[in-house]
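Accompanying notes for the structure given below.
The values are calculated or read from the model by the stated rules, or taken from the named source; none is laboratory data. Just so it is clear, the structure is predicted and the values come from calculations on it, not from any experiment. Every residue, glycine among them, receives a Cβ derived from its backbone with ideal geometry; neighbour counts consider all protein chains shown.
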Amino acid sequence: MNFRAIDYKRILKILGILLGAFLVLFFLIDDLIMPQYVQQGKTTKVPAVVGIPVEEANRILLEAGLVPRESETRIDKQYRIGTVALQNPPAGSEVKFGRGVYLTISGGEPRVQVPSLRGKSLRDAIFTLERTALAIGKVQYEVSEEFPENTIVAQEIAESTKVKNGSRINVTVSQGRMSNKVPVPDITQKSLAEAQRLLTQAGFKVGTIIYQINLDLLPNTVIDQYPKAGELLSLDEVITLFVSQKGEKKNALEN
């Protein structure tokens, strides 16, 4: 009678597989099945997760015995992109363990594409930006051999970049080939004496001075100017000043 040799390695391998399966089953019962069985019929309060990043919100809900479910993503100005904008049921609601909590995720503020402004006149650039819910920002001037006077040479934010509604786009405008035109200095919020000095120093003349009652500024402070700061003018051009005063409104002409 022949007896086959016992394959101990095979037996040990089978025992190892059985032991592993047993451990997996044990932890599955201990971590998932038993808690649900024990908590069956019990209730819990829904935690507040609005305004929290979605990954953190999921963790909080799972720890509370609830099931997070992402329902939709929507444009929302109040909450940062990727955070919870709305939850249902709301925070504080009494629900059963295992209940699903539906989360609406914020897609952030609406964004628009920056149009191409290069080569457009400054006037056309302003209209183009307004049509896309944007606005012109700071305007600076430079000599250009390529672009004619008063056309856009460059824009600070490249075309097709997505930005928030209402963003301002800074541009550089051609003042044409070499010329004797210079930008008007910004003299608002300065004293009348200082404004006159700066304009004279830049090669301009002070023209009409219009006094306006203003209770927020010291008397003889420049409120506004015309032409505006940054505009290109020939030397000896006249600048009109609007200056603050207290008391009754009056106009005065000074040359």
Requested in this report: Return yes or no: is T43 modelled with pLDDT of 65 or more and farther than 17 Å from G100 by Cβ?
Outcome: no
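Residues A133, A125, A91, A154: which one is in contact with a Leu (Cβ under 8 Å, 6 or more places away or on another chain) and either under 28 Å from T172 (Cα atoms) or not in a strand (DSSP E or B) (or both)? Lay out the reasoning, then the answer.
Values: A133 fails: in contact with a Leu (Cβ under 8 Å, 6 or more places away or on another chain); A91 fails: in contact with a Leu (Cβ under 8 Å, 6 or more places away or on another chain); A154 fails: in contact with a Leu (Cβ under 8 Å, 6 or more places away or on another chain).
So the residue among A133, A125, A91, A154 that is in contact with a Leu (Cβ under 8 Å, 6 or more places away or on another chain) and either under 28 Å from T172 (Cα atoms) or not in a strand (DSSP E or B) (or both) is A125.
To keep it simple, each residue is scored yes or no on (1) exposed (fewer than 15 other Cβ atoms within 10 Å of the Cβ); (2) closer than 17 Å to S167 by Cα; (3) not β-branched (V, I, T).
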residue: E70; (1), (2), (3): yes, no, yes
residue: V95; (1), (2), (3): no, no, no
residue: G98; (1), (2), (3): yes, no, yes
residue: L103; (1), (2), (3): no, no, yes
residue: Q113; (1), (2), (3): yes, yes, yes
residue: K120; (1), (2), (3): no, no, yes
residue: D124; (1), (2), (3): yes, no, yes
residue: F127; (1), (2), (3): yes, yes, yes
residue: E130; (1), (2), (3): yes, yes, yes
